[in-house]
1. Sort out which residues of segment 393-423 are open to solvent by 20 Å² or more (accessible area, probe 1.4 Å) and among the small types (Gly, Ala, Ser), and write them in order of number.
2. Might you check whether a residue that is in contact (Cβ under 8 Å) with a residue 24 or more places away in the chain, aliphatic (A, V, I, L, M) and open to solvent by less than 10 Å² (accessible area, probe 1.4 Å) occurs anywhere in segment 440-454?
3. I'm told ILE44 meets every condition in (1) open to solvent by 10 Å² or more (accessible area, probe 1.4 Å); (2) closer than 30 Å to GLY421 by Cα; (3) more than 15 Å from the chain's Cα centre (by Cα) except one. Can you identify the failing condition by its number?
4. Restricting attention to segment 45-57, which residues are out of contact with any strand residue (DSSP E or B) (no Cβ under 6 Å at 6 or more places or on another chain) and either small (Gly, Ala, Ser) or in a loop (DSSP other than H, G, I, E, B) (or both)?
5. Inspect all residues belonging to segment 253-264 and state whether any of them is open to solvent by 10 Å² or more (accessible area, probe 1.4 Å), assigned to a loop (DSSP other than H, G, I, E, B), closer than 30 Å to ALA395 by Cα and not hydroxyl-bearing (Ser, Thr, Tyr).
6. Just name the residue that is nearest to PHE435 (Cα to Cα) out of those in segment 486-503 that are in a helix (DSSP H, G or I) and open to solvent by less than 50 Å² (accessible area, probe 1.4 Å).
7. Considering only segment 140-163, I want to know if a residue exists there that is on the phi > 0 side of the Ramachandran plot, in a loop (DSSP other than H, G, I, E, B) and either open to solvent by less than 40 Å² (accessible area, probe 1.4 Å) or at pLDDT below 95 (or both).
8. Could you tell me which residue of segment 504-526 is farthest from the chain's Cα centre (by Cα), considering only residues that are of a type in the set (S, T, N, Q) and not in a loop (DSSP other than H, G, I, E, B)?
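The values are calculated or read from the model by the stated rules, or taken from the named source; none is laboratory data. Source: prediction; values computed, not measured. Reconstructed Cβ throughout: ideal geometry from the backbone, glycine too, with neighbour counts over all protein chains shown. Only protein heavy atoms, including side chains, enter the accessible area calculation; ligands, DNA and RNA are left aside. Shrake-Rupley method; radii C 1.70, N 1.55, O 1.52, S 1.80 Å.
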Amino acid sequence: MNKRLMLAASLALLSLSSSQAAPARGGSMVVSYKDDVTTLDPAIGYDIQNWGIEKMVFDGLLDYEVGTTRLTPRLATAMPTVSADGKTYTFTLRQGVKFQNGREVVASDVVYSLTRVLDPKTKSPGQSFYTSIAGSQAFIGGKAGTVSGLKAVGKYGVSVTLDAPNAAFLNVMAMNFAFVVPKEEVAKAGADFGHRPLGTGPFRLSSWPSGQQLVFERNPTYFYGGLPYLDRVTIKVGLDPSVAFLSLTRGEVDLLGDGIPPAQFLQVVHDPKYKANIFSQTTVNTSYISLNTGVGPLKDLRVRQAINMAINKARVLRIINGRGVEAKGYLPPLMPGYDAAEPGYKYDPAAAKALLKTAGFGSGFDTVLYTTSTDPNPRIAQSLQQDLAVVGIRASIKSQAQSTVTEAAGTKGAAPLVWSGGMAWTQDFPDPSDFYWPILSCKSAVPGSYNWPWFCDQALDARATKADQMVAPAQRAARLKEYASIFAALSRQALWVPVYHEVRYMMKSDRLVADNALVNDPIHNIDYERLSVNK
């Protein structure tokens, strides 16, 4: 996910000539991933791999125009009307849209879906995005049985009232968490809804043998824009990226979901025969080490600052063949609110050792560093381990499946250090609040969230809340300046070691008709509904 940035220029340079032809209907494609999909429940799933796959099954009131960050209605007939005080949004649903079980979507489904995200029993990592809705706190706290700010207005009208104006609220309503789900299907599947999903989307899940593949079939009654083009999409999981690359060259895989594997990267990008198959895009994300502020020595600010000074980021970039830009602060350069003057922490192992001694850890300490098992992350973790050893910190590495790592990181006190490679924070929408509320705020310091430092500063929450109420266009510059100040304060707390901002490379088969906008989509990552194949 991205910003409107330099996207138009990038697309002009990187689009395939085959993508200019009218998309052919029918056929199938195969996408490869190393890790299995964790869940397709839109209230729960929250990573790059899940994001686009969920979009095959579900829709929200709003979406984005393909390849851009411009909002457009999807289940809604039009963009909502907004009250004079900027707090109440009224949406009108398209009539006749049906869930894949044949029932029509109505306003109460939208109310239910948003309420479900707010319900603590759901354990949604997206809960904090919607706590600006009036009555949400009373509902979350068990003081009310419903959310007063969510109302069905007749059969097709939905009213959402906020406690205060929110400059990013429409972007929040376009997130996967706000996808509409049928209450009866959630009740029927229970905790297994994430493996038995059913929505309104362009595809329906037809089979999912765990650890093997997910097969999606075209929804023949889909309501939007003549989509999708393909009859079937197969997501093969458990494929090592290097094996997946060989499968693509043999015509068995059409798209490398994990990107070009590091072992083949230099060979592939410099081979002229693959030029038309490769797409690259600088992403609005940050890869980092999270430092759990509630675990052992990491409770001490000086220890966290020392770890920041101990990490050789240039060496990490060499491991990934330069596919990134070294990070100083938490916000990526293409995110509004980014401060180019943010100093970050200078690489200085000697100063790190001195600071650890001052903190009472002159002999170092033992800790654990979690990482996903997909290459190159274990190699990066080993590099980080070596950097830490230089200053006396003895870190053992736990290299595990992504779902296992995120579960540990989202469990209080379980994961001291987490390398976010493969799970780097990538914008959900082009606003700095997206790098604050879901991962570094008090509202997100809950089980299952991505606030892996388990950090909470009520004063910063208050500042961010006030900034989000600056909705007038004339206030935009002041709002972004305030967010830059908030992130500078977070950097001083040394909650992360920001390492790099990724340049993402994708590779497709000859027969897949795609362009950079479709396989490096700034919001959905992969736009499955618009992909097609040459028959």
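1. SER396, SER399, ALA401, SER403, GLY413, ALA414, GLY422
2. Yes, some residue in segment 440-454 is in contact (Cβ under 8 Å) with a residue 24 or more places away in the chain, aliphatic (A, V, I, L, M) and open to solvent by less than 10 Å² (accessible area, probe 1.4 Å).
3. (3)
4. GLY45, TYR46, ASP47
5. Yes, because at least one residue in segment 253-264 is open to solvent by 10 Å² or more (accessible area, probe 1.4 Å), assigned to a loop (DSSP other than H, G, I, E, B), closer than 30 Å to ALA395 by Cα and not hydroxyl-bearing (Ser, Thr, Tyr).
6. The extreme case among them is PHE487.
7. Among the residues of segment 140-163, not one is on the phi > 0 side of the Ramachandran plot, in a loop (DSSP other than H, G, I, E, B) and either open to solvent by less than 40 Å² (accessible area, probe 1.4 Å) or at pLDDT below 95 (or both), which makes the answer no.
8. Checking each candidate, the answer is ASN516.
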